[in-house]
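The structure appears right after this line, and notes come after that.
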Amino acid sequence: MQIMDFTDVLSQFLSDPKTGYRTGLRFFHFIGLAMGLGGATLLDLMLLRFFVRGRITEDTYGVFAFASRIVDIGLRLLWITGLGFLFLYALTQPELLTNPKVHAKLAIVAILTVNGFFIHQIILPSVRRQIGRTLFNGVGATRRAIFVTSGAISVVSWYMPVALGAFPQLNFHVSSTTLLTGYFALIVVVALAMQALIYLLHRFVPEFDTPLSQAAAQVQQFRRTVVIPSVDTGPRDLGGAPARARALRQSGG
């Protein structure tokens, strides 16, 4: 069995640009899926963990924000490579553009994009405001349900493209309406399961750490946003205090 070196592999890619282009797209497409899927799964697991295990700190919020950035990068790669595949299909195999699975993937990625915007604009600032408390401490049932649903949309929307890519048998055999119906049904099931799990945890599992009171959390938030000048109580100030007192007595008398 002959083993090719790097130059042989490079020349093979250069001799067939279409194959090289497709391979590069597939490589970065998989990277985008891996980053998005891993980050979304981590965010959902953290959501459950910090509901049970105590108050959110600056460090845990930093992990939330970092994982969200990873998901965002994965989504950008998914859009770039997905549009690259559409461009390749249009030039070489236009019949693939009629595949219902492709239409379903585009719709799912569009939903992912809207949900990602919601996470960055609404959920992350809300998580930051919860620093010093548990994730859902003081959060109403409706708002909590919205957050949980957003988490369900995120994780299902990342697993669904992986599932669609793993089953080529679906190509041209299942309509996009059927695929999207199953997708939305799965979101409902996952959201209800997460909501039920959170309810059970809230009812039967004691929190690991007592959250800060509302007043203490507000004080902590104030200290993060306002710079309080430090008081210099060094020897020079203390030593000069009697002189300033004498000066004030003389000026007054």
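Over the range 117-193, what per residue volume does the convex hull of the Cα atoms give, in whole Å³?
109
Determine the sum of side-chain charges near Phe28: Lys and Arg each +1, Asp and Glu each -1, restricted to other residues whose C-beta is under 15 angstrom from that of Phe28. Don't skip to the answer; put the middle values down first.
Working: positive: Arg22, Arg26, Arg76; negative: none.
Every neighbour counted, the sum reads +3.
Return the inverse of the average 1/r over all pairs of distinct C-alpha atoms in the range 79-167, which is the Kirkwood hydrodynamic radius, in Å to one decimal.
15.3
Just to confirm, what accessible area per residue do you get for the range 28-155 at 1.4 Å probe, in whole Å²?
Spelled out: the 1.4 Å probe surface of the range 28-155, per residue, equals 46 Å².
Whole-Hz Karplus ³J(HN,Hα) for the range 55-63, in order, using 6.51 cos²θ - 1.76 cosθ + 1.60 and θ = phi - 60°, x for Gly and Pro?
Each residue's phi maps through the Karplus curve to give 6, 7, 10, 4, 5, 5, 5, x, 5 Hz.
Apply the Karplus parameterisation 6.51 cos²θ - 1.76 cosθ + 1.60, with θ equal to phi minus 60°, to every residue of the range 181-188 and state each ³J(HN,Hα) to the nearest whole Hz, in sequence, with x for glycine and proline.
Those phi angles translate into 4, x, 5, 5, 5, 5, 4, 4 Hz.
Positive end of the dipole of the range 33-151, charges at C-beta (+1 Lys, Arg; -1 Asp, Glu), about the Cα centre: which of Phe147, His103, Phe118 has its Cα farthest in that direction?
Going by the Cα projections, it comes out as Phe147.
Suppose every K and R has +1 on its Cβ and every D and E has -1 on its Cβ; what is the size of the dipole of the range 46-189 about the Cα centre, in Debye to the nearest 20?
Here the range 46-189 has a charge dipole of around 580 debye.
Rank by packing, highest mean first: peptides 87-96, 132-141, with packing defined as the count of other Cβ atoms within 10 Å averaged across residues.
132-141, 87-96
Tell me the net charge near Leu180. Cut-off is 12 Å between Cβ atoms, Leu180 excluded, with +1 for each Lys or Arg and -1 for each Asp or Glu.
+2
The values are calculated or read from the model by the stated rules, or taken from the named source; none is laboratory data. If you're wondering where the values come from, they're calculated on a predicted model, not measured in any experiment. Glycine also receives a Cβ, built like all others from the backbone with ideal geometry; neighbour counts cover every protein chain displayed. Side chains included, ligands, DNA and RNA excluded: accessible areas come from the protein's heavy atoms. Shrake-Rupley method; radii C 1.70, N 1.55, O 1.52, S 1.80 Å.
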